[in-house]
1. Could you check region 300-319 and list, in sequence order, the residues that are in contact (Cβ under 8 Å) with a residue 12 or more places away in the chain, surrounded by fewer than 23 Cβ atoms within 10 Å (Cβ to Cβ) and more than 7 Å from the ligand (Cβ to nearest atom)?
2. Quick one: how many residues across region 138-184 are touching a residue at least 24 places away in the same chain (Cβ under 8 Å) and not in a helix (DSSP H, G or I)?
3. Mind checking whether some residue in region 250-262 is under 21 Å from LEU349 (Cα atoms), in a helix (DSSP H, G or I), touching a residue at least 24 places away in the same chain (Cβ under 8 Å) and within 16 Å of the chain's Cα centre (by Cα)?
4. Could you check region 25-36 and list, in sequence order, the residues that are among the aliphatic types (A, V, I, L, M) and modelled with pLDDT of 95 or more?
5. Is at least one residue of region 235-249 within 11 Å of the ligand (Cβ to nearest atom), assigned to a helix (DSSP H, G or I) and surrounded by fewer than 19 Cβ atoms within 10 Å (Cβ to Cβ)?
6. Could you tell me whether any residue of region 217-225 is among the charged types (D, E, K, R), surrounded by fewer than 20 Cβ atoms within 10 Å (Cβ to Cβ) and modelled with pLDDT under 95?
7. Scan region 348-356 and give yes if some residue there is among the aliphatic types (A, V, I, L, M), within 11 Å of the ligand (Cβ to nearest atom) and closer than 25 Å to MET207 by Cα, otherwise no.
Amino acid sequence: MEAPATETAKLAFAGKTLELPVIAGTEQEKAIDIAALRDKTGAVTLDLGFGNTASCLSAITFLDGERGVLRYRGFPIEQLAEYATYSETAYLLIYGNLPVKRELEQFTSRLADRSGLPEGMEDFFDHLPKGIHPMAVLFSAVAALSGYYPELTHPNPTREEIDSIILTLLAQIPTIAAYSYRKGNGLPVIPPRRDLSPTTANFLHMMFGPAGADGKPDEVVVSALRKILILHADHEQNCSTSTVRLVGSSRANAFVSISSGIGALWGPLHGGANQAVIEMLEKIHKDGGNFSKYVALAKDKTSGFRLMGFGHRVYKNFDPRSRILKSSCDQVLERLGVRDPLLDLAKRLEEAALKDDYFVSRKLYPNVDFYSGIILRAIGIPTDQFTVIFALGRLAGWLAHWREMLESPGFRIGRPRQIYTGSTERRFVPLAQRG
Ligand code: COA
């Protein structure tokens with residue numbers, strides 16, 4: 001992966017003029033390469049929240065927040081959500097191309113081979129505190145997998161070992177998620193089935209057991225979950241993916257690197273927003289459906305309240321994933337015959353916010369999490385499992401980035417700088433003399 005310098009930028013600082021190379025991506029995005037800045041000037045850059053910092057070169061996902069464009073390996077998200085399976089999408093993200101039939105069959109068959117948990121791991125779920133959040137279970141169980149596969153934990157995995165790690169995590173995380181739900185609710189676990197698609201139908205089977213007359217989960221439900229997983233599968237250098245890369249850059253093993261991504265995803269400003277949206281809508285509903293009151297609260301900085309599912313660091317016109325999910329939401333609820341008052345409330349809230357100057361001027365639009373929770377509720381996923389579903393989808397992206405990073409020439413440990421703002425040197429005063 002190369003991005004040649006196309007031009008230079010001039011920086012005048014401390015009486016010197018420095019020429020810095022400008023790198024252009026394939027979509028003509030430009031970056032001023034400041035690698036030499038500190039050596040030549042003694043200064044570093046400051047970019048709180050990394051809003052203007054590219055941390056790597058990546059050929060996986062392109063997104064243009066101004067135009068609402070999202071593509072995986074060049075394929076528009078709208079086409080993948082319509083036509084692809086989750087396994088195809090995962091393969092595409094990780095290996096760069098859509099698989100041909102033989103490759104896909106081999107990939108899904110290998111996933112099926114690995115979908116059972118390692119011997120003894122089932123007991124893990126029996127010793128957890130009652131009421132533990134499913135994201136905490138996922139976080140711990142994925143890190144614990146490193147103990148079951150010590151041969152896959154060394155710092156310099158070969159290509160074959162990388163493939164094996166990828167297949168193991170893609171196959172086992174849905175099983176962990178489903179077992180965590182069953183055990184957490186005092187239900188017997190349902191082992192995976194080879195004949196079902198790995199992450200969608202098989203996951204639903206392990207969660208809820210046989211559904212239709214043929215013992216397979218309902219097609220409408222499978223398709224709704226498929227769309228959600230594909231739409232969440234990657235989003236370039238978001239908080240959790242950057243975490244996976246940063247932890248992985250220390251050459252910590254893949255299990256703890258992915259587990260760290262799960263931890264980052266849990267936060268309500270990131271993947272935890274889907275749970276927070278439903279809790280917010282339920283609260284507004286219980287409060288008589290007075291959404292204007294909550295729009296006003298969100299605008300009041302002293303309230304500490306934000307409209308969950310609104311706003312995005314990079315999308316400033318619309319989130320293309322939210323558009324797809326809004327229409328999927330209508331279809332799924334209609335096909336399942338579910339009438340959810342929260343959907344009407346969500347639509348009215350969106351309408352009110354989009355007319356309000358506070359949201360318009362700050363370019364705050366519904367994001368992917370605004371409608372996904374309503375779909376997940378309709379298909380029977382408990383609210384506290386919503387972020388787990390996000391993790392199942394994002395797993396493909398995390399693995400694609402982890403693999404890309406390991407194989408990037410010149411990859412080194414991630415280690416940002418800082419500007420220190422604390423005390424200058426002070427003299428230690430022994431306790432007895434401190435008064
Ligand atoms: N409700 C109310 N105000 C919001 C808001 C929301 N959901 N999201 C952002 N704002 C306001 C901020 O208060 C800030 O206002 P100011 O300029 O007057 O100070 C402005 O919009 C910019 O917000 P900021 O927090 O700087 O943007 P960010 O890029 O750092 O944060 C999010 C992006 C997604 C974290 C943020 O929009 C948010 O918290 N959204 C709700 C959580 C959510 O849905 N997360 C899922 C993301 S997929």
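The values are calculated or read from the model by the stated rules, or taken from the named source; none is laboratory data. Only a predicted model underlies this, so the values are computations on that prediction, with no experimental measurement involved. We place every Cβ from the backbone using ideal geometry, glycine too, and count neighbours over all the protein chains shown.
1. Of everything in region 300-319, those that are in contact (Cβ under 8 Å) with a residue 12 or more places away in the chain, surrounded by fewer than 23 Cβ atoms within 10 Å (Cβ to Cβ) and more than 7 Å from the ligand (Cβ to nearest atom) turn out to be VAL314, LYS316, ASN317, PHE318.
2. Final tally of qualifying residues: 6.
3. Applying the first criterion (under 21 Å from LEU349 (Cα atoms)) to region 250-262 yields none.
For region 250-262, residues under 21 Å from LEU349 (Cα atoms), in a helix (DSSP H, G or I), touching a residue at least 24 places away in the same chain (Cβ under 8 Å) and within 16 Å of the chain's Cα centre (by Cα): absent.
4. Selection gives ALA31, ILE32, ILE34.
5. yes
6. Let us first name the residues in region 217-225 that are among the charged types (D, E, K, R), namely 218-219.
Filter once more, so that each one left must be surrounded by fewer than 20 Cβ atoms within 10 Å (Cβ to Cβ): 218-219.
Retained after the next criterion (residues that are modelled with pLDDT under 95): 218-219.
Yes.
7. No, that holds for no residue.
Yes/no matrix, rows are residues, columns are (1) of a type in the set (A, V, I, L, M); (2) farther than 29 Å from ILE132 by Cβ:
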residue: ASN317; (1), (2): no, yes
residue: ARG323; (1), (2): no, yes
residue: ASP330; (1), (2): no, yes
residue: ARG339; (1), (2): no, yes
residue: LEU349; (1), (2): yes, yes
residue: TYR358; (1), (2): no, yes
residue: ASP384; (1), (2): no, no
residue: THR387; (1), (2): no, no
